[in-house]
1. Looking at the range 38-78, which of its residues are surrounded by 15 or more Cβ atoms within 10 Å (Cβ to Cβ), free of Cβ contacts under 8 Å to residues at least 40 places away in the same chain and out of contact with any helix residue (DSSP H, G or I) (no Cβ under 9 Å at 6 or more places or on another chain)?
2. Of all helices (runs of 4 or more DSSP H) completely enclosed by the range 71-188, which ones contain at least 2 residues that are more than 22 Å from Ala57 (Cβ to Cβ)?
3. Which condition number does Ser131 fail, the rest of (1) in contact (Cβ under 8 Å) with a residue 40 or more places away in the chain; (2) more than 24 Å from Ser156 (Cβ to Cβ) being met?
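Bear in mind these aren't lab numbers, they're just calculated from the coordinates by the rules spelled out. Computed from a predicted structure; not experimentally measured. We place every Cβ from the backbone using ideal geometry, glycine too, and count neighbours over all the protein chains shown.
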Amino acid sequence: MSKKSYVIKMRDSMFNHIVINDFASIVKGRRSVRNYDETIKISKEEISEIISEASLAPSSANMQPWRVVVVDTPEGKEKLRPLVRFNTLQNDTSSAMLLIIFGDTQSYLYVKEIYNIAVEQGKMPAKVRDSQLETILSMYPTLPKEIKVEVAKVDSSIFTMQLMLVAHAHGYDTNPTGSNSLIKAAAA
Ligand SMILES: Cc1cc2nc3c(=O)[nH]c(=O)nc-3n(C[C@H](O)[C@H](O)[C@H](O)COP(=O)(O)O)c2cc1C
């Protein structure tokens, strides 16, 4: 499926599984939980919805540089285990581990596609797209690596926060963990 048809499909199937729709309860209720009810299995469809809803988060030039790897099989979690050594309880008991890659420093490669979708959906005039693309594509590729990493980290952190709030609105608990070894995990 192309990114375009995926985006359209996911936008059609958002907010179908929300169980808490009260802002204060969502913000107050989100707490880091380390030990989960192993009988709960979140469907792939709902995980996709949670990621799509979290992806409504703002990002620099709307480039959405976060990349998410979902690990929800016993085999995948077994591979992950040695890389999350202080957080094995979460790995073993959770329905899914979401590895959020902080983030794609070449996300400008997708910016045309993202802006074309915005124009097709009537959310951005074609003229604005063209001038924005000119600015973005002449600037971002030339930025030093450290700045690209910084931009991707900020955007991915905002996405991660939104993801945890969205998951809570779906009735699920989460626990953010940060680890350099997860970079290796994503490739495992
Ligand atoms: C970047 C980051 C890394 C974290 N790493 C871990 C971790 O490795 N293990 C863990 O159990 N909690 C981790 N936490 C969760 C914090 O301990 C938790 O957010 C904090 O104690 C506040 O509790 P709350 O999330 O319930 O409000 C991390 C949180 C953040 C933001």
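1. Gly76
2. Working: elements: 74-80, 88-93, 111-120, 126-139, 145-169, 181-187.
Result: 74-80, 88-93, 126-139, 145-169, 181-187.
3. (1)
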